[in-house]
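Quick note: the coordinates plus some simple rules give every number you see, no bench work behind them. These figures come from a predicted structure and were not determined experimentally. Every residue, glycine among them, receives a Cβ derived from its backbone with ideal geometry; neighbour counts consider all protein chains shown.
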Amino acid sequence: MVDATEHELVPEHHLVEEERLEEILDEYNIDRTDLPKIKRLDPALRDVDAEAGDVIRIERDSRTTDTAIVYRLVIE
């Protein structure tokens, strides 16, 4: 069986600390629920101890900016 978290096309996923999350939400002038969603059981979150309501920071390779950072709200 293939481990999805080890695949080269799966970007880094990290749990966002609450203090940092407030700064991010203020910067973009959004609420937590305005973020795109990711399911708690998504294979990419296997190594991340995330629960519903947490926010995940995803670092992707980007042709234009080298690294693109996106955020996702964890849902059931």
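List of remarks:
- The residues in region 55-71 that are more than 21 Å from GLU18 (Cα to Cα), not small (Gly, Ala, Ser) and not in a loop (DSSP other than H, G, I, E, B) can be counted, and the count is 4.
- Every residue from region 37-72 that is touching an Asp or Glu at 6+ places or on another chain (Cβ under 8 Å), of a type in the set (A, V, I, L, M, F, W, C) and touching a residue at least 24 places away in the same chain (Cβ under 8 Å): ALA52, ILE58
- Scan of region 59-76 for residues that are of a type outside the set (Ser, Thr, Tyr) and surrounded by fewer than 17 Cβ atoms within 10 Å (Cβ to Cβ), ordered by number: GLU59, ARG60, ASP61, ARG63, ASP66, ALA68, ILE69, VAL70, ILE75, GLU76
- Of the residues making up region 17-54, those that are within 22 Å of ASP3 (Cβ to Cβ) and part of a helix (DSSP H, G or I) are PRO43, ALA44, LEU45.
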